[in-house]
1. Residues of the stretch 88-107 with the amide nitrogen closer than 11 Å to a label point 7 Å from the Cα of residue 80, along Cα-to-Cβ, please.
2. How tilted is helix 6-20 with respect to the longest principal axis of the chain? Cα atoms for both, answer in degrees (0 to 90, nearest 10).
3. Counting helices only, and only those DSSP H runs with n ≥ 4, report the 222 nm mean residue ellipticity of the chain as the sum of -39,500 (n - 2.57) divided by its residues, in deg cm²/dmol to the nearest 500.
4. Can you tell me which of 122, 85, 135 moves the most in a GNM of the chain? Springs connect C-alpha atoms under 10 Å apart.
5. Give me the Kirkwood hydrodynamic radius of the stretch 35-169 in Å, from all C-alpha pairs, to one decimal place?
6. Which part of the stretch 68-82 falls in the paramagnetic zone of residue 143, meaning amide N under 20 Å from the point 7 Å along Cα-to-beta-carbon?
7. Taking the 0 to 90 degree range and rounding to the nearest ten, how far is the long axis of helix 83-96 tilted relative to the main principal axis of the chain, both from C-alpha atoms?
8. Would you mind ranking 63, 131 so that the residue whose beta carbon has the fewest other beta carbons within 10 Å leads the list?
Amino acid sequence: MKRVSSSLVALAIATTASATGVTPTLVRAHQTIVTAPVDATAMTLAALRYANFWNTGNEALARAALAPDFVDHTPPPGRVPGVEGALAASRNFRAAVPDLSCTVEQLIVAGDRVVSHLRFRGHFTGRFGDRQGHGQPVDFIATDIYRIVDGRIADNWHLEDNLTLLKQLGVVAP
């Protein structure tokens, strides 16, 4: 994987200074990926398998998409960061939203990464903690960054619009 060189950073600073008349101090990225993907087909397939797992609850899709040593780097408190944590999260969420669906709004494939912009929809008819649903609609987005190794998701960093979800579930006042 190619990292961005200091000359590219200098060019960005010079271009920004030229366009704005101000020489900025730019925030530095911990990692920047600028290469074409190694195997876009396999990477896309892994991401789509995982999205379809969320869409259907079919755990075989998750097991096919996730590496055996998969690590979720941003699990909520109490969730195991491996494959079993993802499976349990799906089961628990489907208990609250049995008709859950997941669509892929965008996939961005670069280097060994896939960025997946997902939309989740359904109706809260089950239980979430001590709350019983009454058919309230659920509609929120999530963004995942996957690192793909040998055609499977090895690492995931994700961010869900949990505030919107919790408002829809009635856990947080609108």
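1. Under 11 Å, as judged by backbone N against the label point of residue 80, lie 88-89 of the stretch 88-107.
2. Around 90 degrees separate the two axes.
3. Values: 5 runs with 61 residues, N = 174.
Dividing the helical sum by the residues of the chain leaves -11000 deg cm²/dmol.
4. Among 122, 85, 135, the largest GNM mean-square fluctuation belongs to 135.
5. It is 15.1 Å.
6. 72-76, by backbone N distance to the label point.
7. 50
8. Taking fewest neighbouring Cβ atoms as first place, the list is 131, 63.
None of the figures in this text is laboratory data; all of them are computed from the coordinates on show. Note that the structure is predicted; figures quoted are calculated from it, not measured. A quick note on method: Cβ atoms are made from the backbone with ideal geometry, for glycine too, and the neighbour counts reach across all protein chains shown.
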